[in-house]
1. What's the extension gain from LEU73 to MET120 if we count 0.36 nm per residue and subtract their Cα-Cα distance?
2. For ILE19 and ARG220, calculate 0.36 nm times their separation in residues minus their Cα-Cα distance, and state this gained length in nm to one decimal.
3. I'd like the carbon and sulfur percentage of the solvent accessible area for the chain, probe radius 1.4 Å, heavy atoms only, ligands and nucleic acids excluded.
4. Just the Cα atoms of the stretch 83-232, one point each, no solvent: what log10 I(q)/I(0) does Debye give at q = 0.10, 0.11, 0.18, 0.19 Å⁻¹?
5. Given the DSSP H assignment, sum -39500 (n - 2.57) over each helix run of at least 4 residues in the chain and divide by its residue total; what's the result at 222 nm in deg cm²/dmol, nearest 500?
6. What FRET efficiency, computed as 1/(1 + (r/R0)^6) with R0 = 25 Å and r the Cβ-Cβ distance, is obtained for ASP147 and GLU210, rounded to the nearest 0.05?
7. Report the net charge of residues surrounding GLU165, where surrounding means a beta-carbon distance below 14 angstrom and charges are Lys +1, Arg +1, Asp -1, Glu -1.
8. Suppose every K and R has +1 on its Cβ and every D and E has -1 on its Cβ; what is the size of the dipole of the chain about the Cα centre, in Debye to the nearest 20?
Amino acid sequence: MKLSPRLLGIATFVKNHSIVADIGTDHGYIPVYLIEKNISKKVIANDISKGSLKKAEEIIEELGYKRNIETRLGNGLEVLKPFEVDTVIIAGMGGPLIIDIIKSNVQIAETINNFILQPMIAADELRRYLYNNNFKIIDEKIVKEEDKYYEIIYAEHGKDYVENEIYYEISKKLVDKRDLQMKEYIQYKIKKTESILEKLDSEESEKAVERKKELIEKLRQYREVLKCYESF
């Protein structure tokens, strides 16, 4: 199984000999990869869509992995029993939905050790939730695929905090590591913010003026973080 850069980035956070639940598995590519590479002992492939799960089941059966990959139809973590898996992957959906999946099944989430989360939007909201609800972000990764950036968060239960609001939006872990992909991502966010400001330049409504103030402050923070890379 050859994974896309995004899916491979997610899979690299899975520990050897783990038992994994892939929530929202879609075509089941990650479960197949984890078994094919002898990374996981067992994977539960879950999806809320019958159509997606059927595609995953077809691939799993074709490759002869039915013994190691179990498919379950259902919503989020509710398909799991306490302590059934040690690792959960929740990827390819918005940050607010990932939060809802965890919040809706806190009792199950408390029995899982490792959380590999890949929000398509609102990564800042997800980080804020994790920091404020007894999760510790252990590591992160940014993957670029077809001109899009994907943020991947690896978290465990624990206590942590951020000293600056900007680190809800930008990974403190990757900034501290002077990750070059993170540098490129910040530069991308600066250009995007500058572009939005240009479009708002002629707007004089109260809402537009307030929005411009927010973006100017965010731009200042982005540039401040980028300074960390100057001596690298």
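1. Stretched out fully, the LEU73 to MET120 stretch lengthens by 14.7 nm.
2. Gain on extension, ILE19 to ARG220, equals 68.0 nm.
3. It is 46 percent, rounded to a whole number.
4. Treating every Cα as an identical point scatterer, log10 I(q)/I(0) equals -0.40, -0.48, -1.10, -1.18.
5. -13500 deg cm²/dmol
6. With a Förster radius of 25 Å, E is 0.20.
7. Around GLU165, the surrounding residues sum to -2.
8. So the dipole magnitude of the chain works out to roughly 480 debye.
The values are calculated or read from the model by the stated rules, or taken from the named source; none is laboratory data. Predicted, not measured: the structure shown is a model, and the values here were computed from it. Reconstructed Cβ throughout: ideal geometry from the backbone, glycine too, with neighbour counts over all protein chains shown. Ligands, DNA and RNA are stripped out before the accessible areas are found, and what is left, the full protein with its side chains, is counted by its heavy atoms. Shrake-Rupley method; radii C 1.70, N 1.55, O 1.52, S 1.80 Å.
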